[in-house]
Amino acid sequence: MKYLWWISTVLLVLVLSPMSVAQDPCSTGAKKSSAWDVKTTGFHEVIPGIAGKRISVCGVVFSSSANPPLQITFDAGVAGTGCSEVTAGFGSLSYTTNTVVSAGGGSSTQFTVQTGGSLCIFFSGVAPLEFSGWVVYVPHL
């Protein structure tokens, strides 16, 4: 009888343990994408915030050109404000030449926007400006 209790406990742990492992939304969730084409400096909303959901960014591909220096910053808009109020940035890139960037292959989370927040991109440089690309993402709880 004492062995039956131990065997039951071990089986229960083995059955429940996969449930406690967090899954990467980018490897398991339904992906969406959003494109942009920007010709002005400032913050631009790429993915509008979704009430009650976070946004996991799985991959970003973009090209940009402007007279140097170029600056590109990925940021999160505070829930309900679009990009008029942003939080600390996810990363900033500065270039002295035109650039093409591909980050993340789409199967793992690169960064996550807080619940209800928008994905915003700040672009600056001297005209003529051109900044276009797309982002692959998963909205989730």
*How many of the residues making up segment 55-91 are within 11 Å of Gln114 (Cα to Cα), of a type outside the set (Ser, Thr, Tyr) and touching a helix residue (DSSP H, G or I) at 6+ places or on another chain (Cβ under 8 Å)?*
0
*Give segment 17-38 a look and list any residue that's part of a helix (DSSP H, G or I) and at pLDDT 90 or above, or say none.*
Pro25, Cys26, Ser27, Thr28
*Hey, among the residues in segment 86-109 that are of a type outside the set (Gly, Ala, Ser) and farther than 21 Å from Gly125 by Cα, which one's nearest to the chain's Cα centre (by Cα)?*
Thr109
*Select from segment 50-82 the residues that are among the charged types (D, E, K, R) and part of a strand (DSSP E or B) and write down the one among them that is farthest from Glu130 (Cα to Cα).*
Arg54
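The values are calculated or read from the model by the stated rules, or taken from the named source; none is laboratory data. Everything quoted here is computed from the prediction, not taken from an experiment. No Cβ is skipped: glycine too gets one built from the backbone with ideal geometry, and neighbour counts run over all protein chains shown.
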